[in-house]
Amino acid sequence: MHASDEEDAQARRAQTSLMLLWSRITELENLQQKFGNMKDLLGELVELHQDIVARVSEDMSEAVATTMKVAQLRQLVDTPIAKILSNAIRGNM
């Protein structure tokens, strides 16, 4: 009977170990699925970041072009205004 009790205890331990193993396998499968989802989300985040960078780059290019145009216009306007002011000051003095 002692041998039978020991066999029963071993069988219970084996059953417990098997249940624990399946539990761990299930947990690993769930984690693997979550990591897959995270990978997909990170891929989408990278694409979004690239889209934002491209848009900012376009905006910066437009800003530089606008700044250059403003500088050119300022030169065209400042020179005649300076001459007009200079002539006005000389004429009034």
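Taking the listed residues Met93, Met68, Met60, the one that is at pLDDT below 95, among the hydrophobic types (A, V, I, L, M, F, W, C), at negative phi and exposed (fewer than 10 other Cβ atoms within 10 Å of the Cβ) is Met93, with no other qualifying. When Gly36 is tested against (1) small (Gly, Ala, Ser); (2) modelled with pLDDT of 90 or more; (3) loosely packed, with under 10 Cβ neighbours inside 10 Å, just one condition goes unmet, and that condition is (3).
Flag not set for Glu6, criterion: part of a helix (DSSP H, G or I), among the acidic types (Asp, Glu) and modelled with pLDDT of 90 or more.
A search for C-beta distances below 6 Å between a residue of the range 38-60 that is in contact (Cβ under 8 Å) with a residue 24 or more places away in the chain and any residue that is part of a helix (DSSP H, G or I) and of a type in the set (Val, Ile, Thr), counting only pairs 6+ apart in sequence or on different chains, returns nothing.
The values are calculated or read from the model by the stated rules, or taken from the named source; none is laboratory data. Keep in mind that what you see is a predicted model, and the values were worked out from it rather than measured. Here Cβ is always computed from backbone atoms with ideal geometry, including for glycine, and neighbour counts include all displayed protein chains.
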